[in-house]
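**Student:** Submitted below is the structure of interest, expressed as C-alpha cells.
Taken together, the values in this text are just the output of simple stated rules run on the coordinates, not laboratory data. Computed from a prediction, not measured in an experiment: that's the story for all the values here. Don't worry about glycine lacking a Cβ; one is built from the backbone with ideal geometry, like all the others, and counts go over all protein chains shown.
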Amino acid sequence: MDQGDCSSAVCHSLDMANAAKRQGQKPATTSDTCNAEIEQLSYDGRGVAHVDGKAVFIDGALPGERVVFRYGKRHKRYDTGQLLEVLRAAPTRVTPECTYFGTCGGCSLQHLAPEAQLAAKQQVLQDSLAHIGKVTPERWLAPLPGPAWGYRRKARLGVRLVPKKGGVLVGFRERRHSFITPLADCKTLDPRLATLLPPLTELISALSCADRIPQIEVAAGDRDVALVFRHLVPLGEDDRERLRAFGERHTLQIYVQAQGPESVTALWPLQPPLLRYRLGEHEAEILFAPTDFVQINTAVNARIVDRALELLDPQQHELVLDLFCGVGNFTVPLARRAARVLGLEGDATLVQRARLNADHNRVVNVSFREADLYRELDHMPWGEERFDKLLLDPPRSGAIEAIKHLSTHRPSRIVYVSCYPATLARDSDYLVHALGYRMASASVADMFPQTSHTEAIALFVAE
Ligand SMILES: C[S@@+](CC[C@H](N)C(=O)[O-])C[C@H]1O[C@@H](n2cnc3c(N)ncnc32)[C@H](O)[C@@H]1O
C-alpha cells in the first residue's frame, strides 16, 4: 500500500499548508516536495517510504514517522529524498549528541535511540536473510551490546588545507561528499583519540607541507596510541622535528608514510612497541601495528569472540579452520580449546602478525598461510585434511567462493561473522539450500553504534 501523499502540486500544497499551520509557519512553496509515511529503515540507515508504488530513501527519517521531504535524485527503480520536516516523530527519535551530525559522514543514526538502532539492525538482517537468502534462523540470540560512545579505536582522518574555510581541516568526510568536516571533537572516537583533534589541526597548520598531508591514521591499543601521517612530499627536518615533539608532548607513537603501507616508518620513538589488546576470557593478548586490520570496537569484539567460541564449541580433539583470520583475533582463542587450528588470510603482513601472536601467546597448535580466498581455491591447504569446524569472518564481499569449496568437507559447525547482511544472506542461501546446513541461530552485535553498519554472527549446523 502506498503511504505517500503528494503526486500533485495541489495535494502537496495542502499538505504543506496544513503542516505549516500546525507548526505555526508559512507553507513551503516548491512543487517537488511531498509528505509520506516511513515504513522501514534501509540497510544504510535511511527511512524508506513508497510514493505511487515507488520507493523513496530519505536521509534522517525513521520508521513510524510522517515526514515532509524534497525529492533528490530520481532513479528508475527508486528515488532519494531530503528530509524537510518531521510531522509526527517516532518515539525512538532522540536529539543527536553531536553538533556535526548531519554533515559529517562518520555517523548516520544519532537521531535514533541506541537500543532502537540495534533492533533496526536486527530487522535489516532478518529482512536480508528472508529476501536474499530465503532463510530464517531457528533462533535469534540476544544482540551483543557495547558502549554507545567513545568506542572507536581506529580511524582514518582526512586532512585538507582550505584557506577560504580558515586553513587546515582535520576530520571525517562529509556524508556523500568528498569534503572534510573539520572536527574539534568526535563522540564515537576513543576519547584518547578525540582529544587530539584540535592539537592535530594546530600541528598540521604549523607544518611547511601542510597542503601535502592528505590523511592521518589513528589507532589506540589498550595502553598506547599511534598516529600515522601520510605525506605526499619528502618531510623536511623542521617538520619531522615538529611531529616528534608532538609525539613526545602527547605521549604518542608517531609514524610517517611516504607511499603504500610498506613505507610506514616510526619517527617517535624510533622503535615503538606494537599496539595490543587483551581478550581476557581467553588468556590472549593480540599485538598489532597501527595500519593492521583490527576490529574497531574493543568491548564488542571481545563479546563476539566469546560468542563465536561458544557457538562453534571446539573440542580438544577437533581441527578448526579460521578463514580471513587477520592478526589471529579468533585463531589464538580457538587454539586454546581445539586440537589444532589453521588460519588463512590474504594479507601477507597480517599472516606474519598472526604468527607473531601465536608465539606471543605461547600457542603452538596453530599454523597460518597466506591465501587469496577469492581466487586460489583449487589448491587450498584444506583440501588435504578434514576440518571439524569452520569460522569465517570475511570482508563485505562475503565468502561464497570459499564456501563452494567446502562441499566435500562438511564441517559439523560453521560460525559466520559478517559485517554486511546482504552477503551473509547470499552465502546463507548456499549453505542452507545447496549444502543442506541448518541456520541454527543468528544475532547482531553493536560493533558500530551511531552508524548504519551491521555486524552479525550466525551458526550453521550440518544436518
Ligand atoms: C573482517 S576482517 C577479519 C579479520 C580477523 N578475523 C579479525 O577478527 O580481526 C577480514 C579479513 O579478510 C582479509 N581478506 C580480504 N581479502 C581477502 C582475500 N582475498 N583473501 C583472504 N583474506 C582476505 C582481510 O585482510 C582481513 O584480515
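**Student:** Give me a comma-separated list of calculated 3J(HN,Hα) values for segment 449-463, in order, Karplus coefficients 6.51, -1.76, 1.60 applied at θ = phi - 60°, integers in Hz, x for any Gly or Pro.
**Tutor:** x, 6, 10, 8, 5, 10, 9, 9, 10, 10, 10, 10, 10, 5, 5
**Student:** Which peptide among 446-457, 37-48 comes first, and what is the full order, when sorted by highest mean count of other Cβ atoms within 10 Å?
**Tutor:** Packing proxy ranking, top to bottom: 446-457, 37-48.
**Student:** Next question. Which whole-number percent is the relative contact order of segment 195-249 (Cα, under 8 Å, 6+ apart)?
**Tutor:** 32 percent
**Student:** DSSP loop trypsin sites (Lys or Arg not before Pro) in segment 205-297 with at most 16 other Cβ atoms within 10 Å of their Cβ, which ones?
**Tutor:** Arg223
**Student:** Which helices of the chain meet both criteria: a Cα extent of 15 Å or more along the helical axis and a mean Kyte-Doolittle score no lower than 0.0, with helices taken as whole DSSP H segments?
**Tutor:** Helices passing the filter in the chain: 298-312.
**Student:** So how far apart, in nm, are the two label points at Asp222 and Thr195 if each is 7 Å from Cα heading toward Cβ?
**Tutor:** Roughly 2.1 nm, to one decimal.
**Student:** May I pose another question? Order these by the 10 Å Cβ neighbour count, fewest first: Lys154, Lys76.
**Tutor:** Taking fewest neighbouring Cβ atoms as first place, the list is Lys76, Lys154.
**Student:** Spelling out what I want: for every residue of segment 252-261, take phi, set θ = phi - 60°, compute 6.51 cos²θ - 1.76 cosθ + 1.60 (Karplus), and round to whole Hz; glycine and proline get x.
**Tutor:** So the J values, rounded to whole Hz, are 10, 8, 10, 10, 10, 9, 7, 9, x, x.
**Student:** Follow-up question, since we're still on this one. Going by C-beta contacts inside 10 Å, put Cys186, Cys419 in order with the fewest on the left.
**Tutor:** The most exposed by this proxy come first: Cys419, Cys186.
**Student:** Would you mind checking which residues have amide H under 5 Å from Arg152's amide H? H placed 1.01 Å from N; only 5 or more apart, or other chain.
**Tutor:** Under 5 Å from the amide H of Arg152 lie the amide H atoms of Leu189, Asp190, each far enough along the sequence or on another chain.
**Student:** When only C-alpha pairs under 8 Å and at least 6 residues apart count, what is the relative contact order of the chain, in percent?
**Tutor:** Worked out over the chain, it gives 13 percent.
**Student:** Projected onto the charge dipole of the chain (+1 at Lys/Arg Cβ, -1 at Asp/Glu Cβ, origin at the Cα centre), which of Val300, Ile204, Leu87 gives the Cα projection farthest towards the positive end?
**Tutor:** Sorting the options by dipole projection puts first Leu87.
**Student:** Would you mind checking which residues have amide H under 5 Å from Asp224's amide H? H placed 1.01 Å from N; only 5 or more apart, or other chain.
**Tutor:** It is Arg276, by chain and number.
**Student:** I've got another one for you. Relative contact order of segment 107-218: what whole-number percent is it, with Cα pairs under 8 angstrom and at least 6 residues apart?
**Tutor:** With pairs under 8 Å counted, the relative contact order is 24 percent.
**Student:** Another question, then. Could you compute the net charge surrounding Gln315? Neighbours are other residues with a C-beta less than 9 Å from the C-beta of Gln315; K and R count +1, D and E count -1.
**Tutor:** Result for the local shell: -1.
**Student:** How large is the convex hull of the C-alpha atoms of the chain per residue, in Å³?
**Tutor:** 161 Å³
**Student:** Would you compute, from DSSP H runs of 4+ residues alone, the mean residue ellipticity of the chain at 222 nm, taking -39500 (n - 2.57) per run and dividing by the full residue count, rounded to the nearest 500?
**Tutor:** The helix contribution divided over the chain gives -7000 deg cm²/dmol.
**Student:** Which of Ala148, Thr136, Val159 sits farthest toward the positive end of the charge dipole of segment 109-159, with +1 on the Cβ of Lys and Arg and -1 on the Cβ of Asp and Glu?
**Tutor:** The residue sitting farthest along the positive end of the dipole is Val159.
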